[in-house]
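**Q** Sharing a structure with you now.
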Amino acid sequence: MPNNHKLAVIGHAQPKIESMQKVTGETQYADDLFLPRMVYGKILRSVYPHARIIGIDTARAEALPGVLAVITGKDLPIKFGIMPSSQDEEALCVDRVRFVGDPVAGVAAIDEETAERALDLIEVEYEPLAPIMSIREGLDPTLPQIHEYADQHNVHKFVSLEFGDMEAGFKAADHIREDIFFYEGDTHLPMEEHSCVGHYSADGKLTLYSSTQTPHYVHRALEKTLEMPRGHIRVIASPVGGGFGGKTDPFSHEIVACKLSMLIGRPVKITLTREEVFYTHRGRHPVLMWVKSGFKRDGQITALHFKTALDGGGYGSYGIASTYYTGALQTVTYKIPAYKFEGLRVFTNKPPCGPKRGHGTPQPRFGLEVHLDKIAHDLGLDPAEMRRKYVVDDATKTVNHLTITTCGLRQCIDEVTKASGWKQKTADHRQPTAVSGQKLALSAVEGSAVKHGLGIACGSYLSGAGLPIYWNDLPHSGVIVKVDRGGGVAVFCGSTDIGQGSDSLLAYIAAEEFGLKPKDIKVITADTDLTPVDLGSYSSRVTVMTGNACIQATRQVKEKILQATAEKLLVPAESLSMRDGMVICEDDENRQLSFVDAVNLAEKKFGTLSGTGSYKPPKRAGPFKGSGVGPSPSYSYSACVASVSVDTETGVVTVDKLWLAHDGGRAINPLLVIGQTEGSAYMGFGEAMMEESAFRKNMHKIPSMLEYKSPTTLDTPEIEAILVETIDPEGPYGAKEAGQGPLLPVPPAIANAVFDAVGVRIDEVPITPDKVLKALEEKSKGKEPRFGPKDFPNITWPEPIKVEPPENAPKLVQ
């Protein structure tokens, strides 16, 4: 780790600034809010996965005592959505429902019980339509079309891109392999259900308090759907009790609460039930994948062809970006001289999918990393060394025009292999095998029913998207810093703390720059009336973007304070530093002033002390359509080794330990970065072993926490988090992202460990006992020891956009 002796706050373990409020119950979440004269809203939802709305009769509900308003789609006909290219949602469906749970009508009543009774009195006449419930059905042109604006019938989006000479790459290969994988969809499962309070006040202004990750984009959606000037709308993001991407869209309940409040002139609260949260969803896309690659005998990749098919659910959400993300970041870990990506997303009659931790990248990373493991076994190479040898270099470009600033992946691999004893435990396992890539691991010999294995995988993620959702040249994040005469420092920013510690980040930076303690800093965030715009907590963007804006704002004020102090002490401003609540001359420590006195001198000289900062990422989009997805100021890197035990009699897989190393640049607060790394490992473990959004008879099979399997603390394995700090030039103090990237290598590392233990491949997640037993049965019959999808649909892809690689991209070494 780097020497932090010049940094008093940054790089040192600190508590989060709101920790005590949260553990003592002082924090007020959206559902804790009680405004004067507040009433309660409820939403009637579709019981059909796909149907036309013939008519809605609300008369009986309106007549129920205690009901104040009932609204339907005719009251909110304007469509909205998070992406400008997918404005396909209605706050309340106008003429068609597209999944079980689609909102149809809204009610405001004096209490929740009355509102619930009113929903039962609303009569909706439907004309059922044939539902589309899978990727293959979404490709069937004979089934009803869900949205007319799709690229082709129910194919929401096609992507076809080619970089470099694929033909030459495969021709140069000593070994070529094809594989098919499937990654099941799953949901975020935040502890806090979605909740909001809409308040239309007597002055004609609207305030929305909401558990949201993106108050700026909710602000825009309210302006559009309610036809109000944005300047008359205030959005306040209340403390978020878990988001993980599930609260990044603008949602119907937010719009409905505001519309009901406008109609009755009273605040309206809507809190979703847990079942409704499953329908609101925006979780991980189910993705079917096909991969073909060429390799030299030493493990060098000569060409990579990757195809993905995403099950998008009933609406667009972030789906176009999600489709691109299943291909865009496959090139930022290893040197790939030629790459072709073909992806599509289909509409289905399920709750809409969107961004979940790692947005669009855990699925293809699972496929690629298991595929690489098979290649290593085919060639008789150490899977860790094969990866390590061809990691991308600092200050280079990828074949698809992404810029690598710093990459600590080699060190991550070294750290996890050393900590896990990888070389000692796997030295005897590596034997060359046939092209099929099947090999009985040493640990899977005759004897005990419980076999043990190790698996490794790597991953990478972006530190914020390089372009905003609505393309423009405006800053992505803004910060205002104010210092008062008593020495009080207040930081204002539109960013949203969803538990990752972004409020604390602002306090740490201001404290570092002003020589104070984090507890001395007041942080005001996520209020569109009070704070400058920040685009939201998604894509791991906040540390880099908000952090850089905060440094800029604090240093504007700091410069004024130092200048005024220098004049008082008769020393050069360059000789002054701020530490321990003082402004001190480093050449003569007898010359010093308290921070408060220095602030008063500065205010006397300059007037009110405030500074502004803003941040825009460097422009790095490539010279082709679709290049807006993938560029980032920097990329984080992770490596994971998983140790598993497999019971060959029951098929039960136990993950004994995870070693997870993460290159997140300089750790602003190592304690929080370790926490984010462990949280990612936990979530990746859950997705690998048990979590799935399953459907039966066109309905969500398990829309409750009782039935949806998610790991408890007793299920979760021991996790050893290791921080690798590459000081990145684009980040504040050298920081990169840490909130999402560490998840990516966990599922494939577990799958690779299962193969190492018992010699069977589970080419889909979750890895459940029945799949293990079926693969073992196939192995016992002398068939391919594998469980997974059998084929990839025969799709007519658009002609690829062919793009020449940049000059300093990886080259094919003959």
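The values are calculated or read from the model by the stated rules, or taken from the named source; none is laboratory data. All values derive from a computational prediction rather than experimental measurement. We place every Cβ from the backbone using ideal geometry, glycine too, and count neighbours over all the protein chains shown. The accessibility values were calculated without ligands, DNA or RNA, using every heavy atom of the protein model including side chains. Shrake-Rupley method; radii C 1.70, N 1.55, O 1.52, S 1.80 Å.
**Q** Restricting to the stretch 14-42, name every residue that is over 14 Å from residue 511 (Cα atoms), within 27 Å of the chain's Cα centre (by Cα) and in a loop (DSSP other than H, G, I, E, B).
**A** The answer is 18, 27, 28, 29.
**Q** Run down 334, 324 and say which single residue is hydroxyl-bearing (Ser, Thr, Tyr), crowded, with 24+ Cβ neighbours inside 10 Å and under 23 Å from residue 635 (Cα atoms).
**A** None of the other options fit; the residue is 334.
**Q** Against the conditions (1) open to solvent by 10 Å² or more (accessible area, probe 1.4 Å); (2) more than 16 Å from residue 642 (Cβ to Cβ); (3) touching a residue at least 12 places away in the same chain (Cβ under 8 Å), where does residue 741 fall short? Just the number, please.
**A** Checking residue 741 against (1) open to solvent by 10 Å² or more (accessible area, probe 1.4 Å); (2) more than 16 Å from residue 642 (Cβ to Cβ); (3) touching a residue at least 12 places away in the same chain (Cβ under 8 Å), the one that fails is (1).
**Q** Being within 30 Å of residue 736 (Cα to Cα), modelled with pLDDT of 95 or more and either open to solvent by 20 Å² or more (accessible area, probe 1.4 Å) or among the hydroxyl-bearing types (Ser, Thr, Tyr) (or both) narrows it down to one of 13, 59, 63, so name that one.
**A** 13
**Q** Now a separate question. Might you check whether a residue that is in a helix (DSSP H, G or I), free of Cβ contacts under 8 Å to residues at least 40 places away in the same chain, more than 25 Å from residue 459 (Cα to Cα) and open to solvent by less than 30 Å² (accessible area, probe 1.4 Å) occurs anywhere in the stretch 780-792?
**A** Checked the stretch 780-792: no residue is in a helix (DSSP H, G or I), free of Cβ contacts under 8 Å to residues at least 40 places away in the same chain, more than 25 Å from residue 459 (Cα to Cα) and open to solvent by less than 30 Å² (accessible area, probe 1.4 Å).
**Q** Related question: Could you go through the stretch 449-459 and let me know if any residue there is out of contact with any Cys (no Cβ under 8 Å at 6 or more places or on another chain), at pLDDT 95 or above, more than 30 Å from residue 756 (Cα to Cα) and open to solvent by less than 40 Å² (accessible area, probe 1.4 Å).
**A** Scanning the stretch 449-459, I find no residue that is out of contact with any Cys (no Cβ under 8 Å at 6 or more places or on another chain), at pLDDT 95 or above, more than 30 Å from residue 756 (Cα to Cα) and open to solvent by less than 40 Å² (accessible area, probe 1.4 Å), so the answer is no.
**Q** Counting only residues that are surrounded by fewer than 24 Cβ atoms within 10 Å (Cβ to Cβ) and among the acidic types (Asp, Glu), give me the strands (runs of 3 or more DSSP E) lying completely in the stretch 93-175 with at least 3 of them.
**A** Here the list reads 123-128.
**Q** Separate question: Among the residues of the stretch 343-392, which ones are part of a loop (DSSP other than H, G, I, E, B), among the hydrophobic types (A, V, I, L, M, F, W, C) and more than 25 Å from the chain's Cα centre (by Cα)?
**A** Passing the criteria: only 381.
**Q** Search the stretch 52-77 for residues that are at positive phi and pair each with any residue that is outside any strand (DSSP E or B) and modelled with pLDDT of 95 or more when their beta-carbon atoms are under 8 Å apart and the residues are at least 6 apart or on different chains.
**A** 66/110; 66/111; 66/114
**Q** Tell me, which residue of the stretch 793-814 that is open to solvent by 70 Å² or more (accessible area, probe 1.4 Å) and of a type outside the set (Val, Ile, Thr) is nearest to residue 762 (Cα to Cα)?
**A** Filtering the stretch 793-814 for residues that are open to solvent by 70 Å² or more (accessible area, probe 1.4 Å) and of a type outside the set (Val, Ile, Thr), the one nearest to residue 762 (Cα to Cα) comes out as 794.
**Q** Return a yes/no flag: does the stretch 15-34 have any residue that is in contact with an Asp or Glu (Cβ under 8 Å, 6 or more places away or on another chain), in contact (Cβ under 8 Å) with a residue 24 or more places away in the chain, of a type in the set (D, E, K, R) and under 29 Å from residue 315 (Cβ atoms).
**A** yes
**Q** Consider only pairs whose beta carbons are under 7 Å apart and that are at least six residues apart or on different chains; among these, list those whose first residue lies in the stretch 547-565 and is farther than 13 Å from residue 512 by Cα and whose second residue is in a helix (DSSP H, G or I) and of a type in the set (Phe, Trp, Tyr).
**A** 560/606
**Q** If only one of 641, 596, 655 is out of contact with any Leu (no Cβ under 7 Å at 6 or more places or on another chain) and open to solvent by less than 20 Å² (accessible area, probe 1.4 Å), which one is it?
**A** 655
**Q** Does at least one position in the stretch 486-497 carry a residue that is within 30 Å of residue 639 (Cβ to Cβ) and more than 15 Å from the chain's Cα centre (by Cα)?
**A** Yes, the stretch 486-497 has at least one match.
**Q** For the stretch 744-773: of the residues being part of a loop (DSSP other than H, G, I, E, B) and under 18 Å from residue 186 (Cα atoms), which is most open to solvent (accessible area, probe 1.4 Å)? Explain how you work it out, then say what you get.
**A** The initial filter retains those residues of the stretch 744-773 that are part of a loop (DSSP other than H, G, I, E, B), namely 744-745, 759-760, 763, 766-768.
With the extra rule that they be under 18 Å from residue 186 (Cα atoms), the set shrinks to 744-745, 763, 766-768.
Values: 744: 2, 745: 0, 763: 0, 766: 1, 767: 3, 768: 26 Å².
The extreme case among them is 768.
For every residue, the table says whether it meets (1) assigned to a helix (DSSP H, G or I); (2) open to solvent by less than 30 Å² (accessible area, probe 1.4 Å); (3) closer than 29 Å to residue 674 by Cα.
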{"site": "495", "(1), (2), (3)": "no, yes, yes"}
{"site": "500", "(1), (2), (3)": "no, no, yes"}
{"site": "508", "(1), (2), (3)": "yes, yes, yes"}
{"site": "524", "(1), (2), (3)": "no, no, yes"}
{"site": "531", "(1), (2), (3)": "no, yes, no"}
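**Q** Give the residues of the stretch 86-145 that are without any contact (Cβ under 8 Å) to a residue 60 or more places away in the chain and of a type in the set (Lys, Arg), sorted by residue number.
**A** 96, 117
**Q** Right, another one. Being among the small types (Gly, Ala, Ser) and closer than 20 Å to residue 145 by Cα is the filter; apply it to the stretch 79-92 and report the residue that is most open to solvent (accessible area, probe 1.4 Å).
**A** So the residue we want is 85.
**Q** Residues of the stretch 585-599 being touching a helix residue (DSSP H, G or I) at 6+ places or on another chain (Cβ under 9 Å) and under 19 Å from residue 520 (Cα atoms), which ones?
**A** Listed by number, the residues that qualify are 593, 595, 597, 598, 599.
**Q** A follow-up question, please. Give the residues of the stretch 373-403 that are β-branched (Val, Ile, Thr) and over 21 Å from residue 306 (Cα atoms), sorted by residue number. If you could, list the steps in order and put the result at the bottom.
**A** Of the stretch 373-403, the ones β-branched (Val, Ile, Thr) are 375, 391-392, 396, 398-399, 403.
Once the filter is applied, which keeps residues that are β-branched (Val, Ile, Thr) and over 21 Å from residue 306 (Cα atoms), the stretch 373-403 yields only 396.
**Q** Can you find even one residue in the stretch 603-614 that is in a loop (DSSP other than H, G, I, E, B), surrounded by fewer than 18 Cβ atoms within 10 Å (Cβ to Cβ) and out of contact with any Asp or Glu (no Cβ under 7 Å at 6 or more places or on another chain)?
**A** yes
**Q** Among the helices (runs of 4 or more DSSP H) contained in the stretch 184-282, which hold 2 or more residues that are surrounded by fewer than 24 Cβ atoms within 10 Å (Cβ to Cβ), in contact with a helix residue (DSSP H, G or I) (Cβ under 6 Å, 6 or more places away or on another chain) and not aliphatic (A, V, I, L, M)? Give the steps one after another, and end with the answer.
**A** On the way: elements: 215-226, 252-264, 274-280.
Ranges flagged: 215-226.
**Q** Can you pull out the residues in the stretch 72-111 that are of a type in the set (Asp, Glu) and touching a Lys or Arg at 6+ places or on another chain (Cβ under 7 Å)?
**A** 75, 88, 89, 90, 95, 102
**Q** Regarding residue 295, is this residue open to solvent by less than 30 Å² (accessible area, probe 1.4 Å), more than 25 Å from residue 538 (Cα to Cα), in contact with a Ser or Thr (Cβ under 8 Å, 6 or more places away or on another chain) and of a type outside the set (Ser, Thr, Tyr)?
**A** Here the answer is yes, as residue 295 does meet what is asked.
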